[in-house]
Amino acid sequence: MIQELIKILSIEMTVLLTAAMPIIELRGAIPVGISLGLSPMHATVISFIGSMIPVPFILFAIRPIFNALKKTKTFDKLIHKLTHRSLSKSGRIQKYGAWGLLVFVAIPLPGTGIWSGSLAAALLDMRFKWAFPAILVGNLIAAILIFALSHGVVSFMGA
C-alpha cells in the first residue's frame, strides 16, 4: 500500500515538474501524465498547477536578473537575444494588453505559453494584477484544449 502511494506521488511529482519546465509546460506534461498512467483529468490538474508555479517568479524576478546579467560579458548577448525575441513576439500583447496576453498564453503552439507570456509581460512592465490573471485564464484554456485533445486520443486508442 505504501509503495503504491509512493509510486503515485512520484508520478504526480514528475508531471508537476515537467509542467513547470520551459518549452514543455502543460502542453507536454498532460500527455506525459497520461502515458504514466494518470487519468486525463488528473494529469491536466497536476499539469496546470505545475505550470503556474514559475509565473510569479518570472513576473517579479526576471527583470532584476536580466539587468544584473546584462552587466556581465558572458550573458550580455544572450539576454539581448532573449529580450529581443520575446518582445518581437509580443506585438498583440502590446496592442491588446491583458486580453492579448491571455490569447497568447492560451494558444497551444510552440513559442507560446506561460514562460513566454510571463517574460513578455515582465519586459513590457505589465502590472501583476493584470498579467497574472491573464496568464492563469490563458493557461486554463490551453489546459482544456490539451485535455480535450489528449482525452480524445486516449478514447480513440482505447476503442
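FYI, it's all coordinate maths here, none of it is from the lab. Only a predicted model underlies this, so the values are computations on that prediction, with no experimental measurement involved. Positions of Cβ are backbone-derived with ideal geometry, glycine not excepted, and every protein chain shown enters the neighbour counts.
Tabulated data for the structure shown
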quantity	calculated
From phi via Karplus (6.51, -1.76, 1.60), per-residue ³J(HN,Hα) for region 76-86 in Hz, x at Gly/Pro	4, 5, 4, 5, 4, 5, 4, 5, 4, 4, 5
Rounded to whole Hz, the Karplus (6.51, -1.76, 1.60) HN-Hα couplings of region 11-25, x for glycine and proline	5, 4, 5, 4, 5, 4, 6, 5, 5, 7, 7, x, 6, 6, 6
Two-decimal log10 I(q)/I(0) for the chain, as the Debye equation yields it once each C-alpha is a single scatterer, q = 0.10 Å⁻¹	-0.40
Local electrostatic count, Phe104, Cβ distance below 9 Å [Lys/Arg +1, Asp/Glu -1]	+2
Cα-Cα P(r), region 1-54, percent of pairs per 5 Å interval	5, 27, 32, 20, 11, 4, 1, 0
Using a Förster distance of 35 Å, the FRET efficiency for His84-Ser35 (Cβ separation, nearest 0.05)	0.45
Mean residue ellipticity (222 nm) of the chain, computed from DSSP H runs ≥ 4 via -39,500 (n - 2.57), nearest 500	-26000 deg cm²/dmol
Computed E for Leu69/Trp130 - FRET, C-beta separation, R0 25 angstrom, nearest 0.05	0.45
